[in-house]
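Some notes on the structure that comes next.
The values are calculated or read from the model by the stated rules, or taken from the named source; none is laboratory data. Bear in mind that the values here come from a model prediction, so they are computed numbers and not experimental data. Cβ: placed from backbone, ideal geometry, glycine included. Neighbour counts: every protein chain shown.
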Amino acid sequence: MSGKFTFEVDRRYRQANKEALVAFLYWVVYLVLTSVVALGLGLNKPAEDIDFILGFPAWFFYSAGVVLVILCILPYFLVRFFYRDYSLDAEEPGADNVGESQGGRG
């Protein structure tokens, strides 16, 4: 039965899996960093001790505002160094098109 079907793994699958892993790890870093900052600044703090910045509680301003701005810069580097531009069209067996499509970064 094993000789009946032949399946050749497309080389783009490995790159796609790497990109998915990088995106997932980015999400985990964002979630953890936001949670740590929010809990570190606001957990078990009495209401009269809460500081406000631009009308927001300080824990919210830093966790949802500052962390967001900082982590909006990180995807630029992720796309620049980990992601590759490749064609999603079906390719002929044996052709290597990973990173060779128009505008590819190699």
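Couple of notes before you dig in:
- Residue match in the stretch 69-81 (condition: assigned to a loop (DSSP other than H, G, I, E, B), among the hydrophobic types (A, V, I, L, M, F, W, C), at pLDDT 85 or above and in contact with a Lys or Arg (Cβ under 8 Å, 6 or more places away or on another chain)): no
- Residue list for the stretch 6-31, filter: surrounded by fewer than 12 Cβ atoms within 10 Å (Cβ to Cβ), modelled with pLDDT under 90 and not in a loop (DSSP other than H, G, I, E, B): Tyr13, Arg14
- Applying the criterion of being assigned to a helix (DSSP H, G or I) and aromatic (Phe, Trp, Tyr) to the residues of the stretch 32-62, the residue that is farthest from Asp89 (Cα to Cα) is Trp59.
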